[in-house]
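Before any comments, here is the structure.
The values are calculated or read from the model by the stated rules, or taken from the named source; none is laboratory data. These figures come from a predicted structure and were not determined experimentally. Every residue, glycine as well, gets a Cβ built from its backbone with ideal geometry; the counts of neighbours run over all protein chains shown. Surface areas here come from the heavy atoms of the whole protein model, side chains and all, with no ligands, DNA or RNA. Shrake-Rupley method; radii C 1.70, N 1.55, O 1.52, S 1.80 Å.
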Amino acid sequence: MLTVDNRFKVLEEDGKYRKCGEGGMGVVYFVEDLDRVFNFEIVLKITNTDKPEYIDRFKKEIKIMNKLSESTKIVKILYSNLDIENPYYVMKYFKNASVSKFFTSMKLKGDFELQQKVFIEMIDCIQEIHSQNKYHRDIKPENFLVNDEGNILVSDFGLAIDLDSDSSRLTKTGDAYGSNGFYPPEFNTDSKTFKYFDGRSDIYMLGKTFYSILTADTKPTDLDNSKVDDFIYHIIKKACEVKKEDRYNNLEELKKDLKKLFDYKLNINDKLGQSEELCKKIHLNNSEVEKLFNIFMVLNNSEKKELLKELPISFFKVAISDKKIDLKPMLET
């Protein structure tokens, strides 16, 4: 029997400890609370290394999660001990597992209402972290868990940075290790460091996470337009631009764009009626051009080609002068 602080007993099954998961700096076990404080299944995450730098990072993870304990979007630490040789923390067991296991790509395919719900909740999770002046830096499907009510929470803050902490350094050698396929370009894979990391770097990894969930690609190094709907690809591509200045500036911008295009897709019949009326006009204003562009973005290829035939010349004149509209998707049709 393995016990921690004479309070938590790591459960055994067939002579082996019942692991819940393992990765990064720690291993997760099913445990029993000998004090019987909790009336639900719990797991314990403990360091699986004796390297001082990894133990320090694990302690930092616990401190950051405790600072975010009031948030409903963050996995809560129920109990922790940082004062022993192998620090650990205890959290509720999420039987629904990660977002990609609960909301599989097959379950999400074609269900735009569900896709919108999942993506908005994931954005809200990271937005909550950013609002507290912190970056997550290890965003991937496995780090979003689904609770009993089907709501999404974010976990695993082993690489997180607290900008309010005097000890935070973004360029320290060996400061991070991350996950292949989700690294932003500003991550140096040779030195294993983050350089010039900011909120747009989290946005990059969130975009890759959206793509991974939709395609079941666990290491999405490249984005394939044929594997996701065009309007979603447009959002993901902008989130994952190589140059940070070409990405969404913040999560609110990403959420606004996502909500807008999903709204158009979910109300496509009404929007098609609007497009017919707008295409009859000779002169279009900026707002009308933006509406037509958003309608175009959520159509299938054959519908896009038909709409292109109907667009008045004024659409293109206004669109070219409007810096907010990217005509590349139209030119590629």
Cβ-Cβ cut-off under 11 Å around Lys291, Lys and Arg +1, Asp and Glu -1: the net charge is -1
What order do Phe293, Phe38 take when sorted by accessible area (1.4 Å probe), most exposed first?
Phe38, Phe293
Just to confirm the number: angle between the C-alpha axis of helix 251-266 and the first principal axis of the chain, 0 to 90 degrees, nearest 10?
60 degrees
Can you give the accessible area per residue of the chain, in Å², using a 1.4 Å probe?
51 Å²
Between 0 and 90 degrees, rounded to the nearest ten: what's the tilt of helix 52-67 against the longest Cα principal axis of the chain?
70 degrees
Would you rank Glu41, Glu61 by solvent-accessible area, highest first, keeping every protein chain in place and using a 1.4 Å probe?
Glu41, Glu61
Order of exposure, largest accessible area first, which applies to Arg247, Arg7 with probe 1.4 Å:
Arg7, Arg247
What does the charge add up to near Leu153, with Lys and Arg as +1, Asp and Glu as -1, over the other residues with Cβ less than 12 Å from its Cβ?
-3
Rounded accessible area of Asp33 (nearest 10 Å², 1.4 Å probe)
10 Å²
Rounded to the nearest 500, what is the chain's calculated 222 nm mean residue ellipticity when only DSSP H runs of at least 4 contribute -39500 (n - 2.57) each, over all residues?
-12000 deg cm²/dmol
Taking R0 as 30 Å, what's the FRET efficiency between Asn225 and Glu32 from their Cβ-Cβ distance, rounded to 0.05?
0.05
Just the number, please: carbon plus sulfur as a percent of the accessible area of the chain, 1.4 Å probe, no ligands or DNA/RNA counted.
46 percent
Spin-label model distance (nm) - Lys243 vs Lys95, 7 Å beyond Cα toward Cβ
5.1 nm
Can you pick out the pairs among Lys117/Lys219; Lys73/Lys134; Lys73/Lys101; Lys63/Lys238; Lys60/Lys238; Lys109/Lys256 whose Cα atoms lie more than 25 Å from each other?
Lys63/Lys238; Lys60/Lys238
If you consider only alpha-carbon coordinates, what radius of gyration and Dmax does the chain have, in Å?
23.1, 79
Put +1 on the Cβ of each Lys and Arg and -1 on the Cβ of each Asp and Glu in the chain; which of Gln116, Thr104, Ser275 then has its Cα farthest toward the positive end of the dipole?
Ser275
Using only Cα atoms, tell me the angle between helix 268-279 and the longest principal axis of the chain; keep it within 0 to 90° and round to the nearest 10.
30 degrees
Per-selection Kirkwood Rh - the stretch 205-333 (Cα, Å, 1 d.p.)
15.6 Å
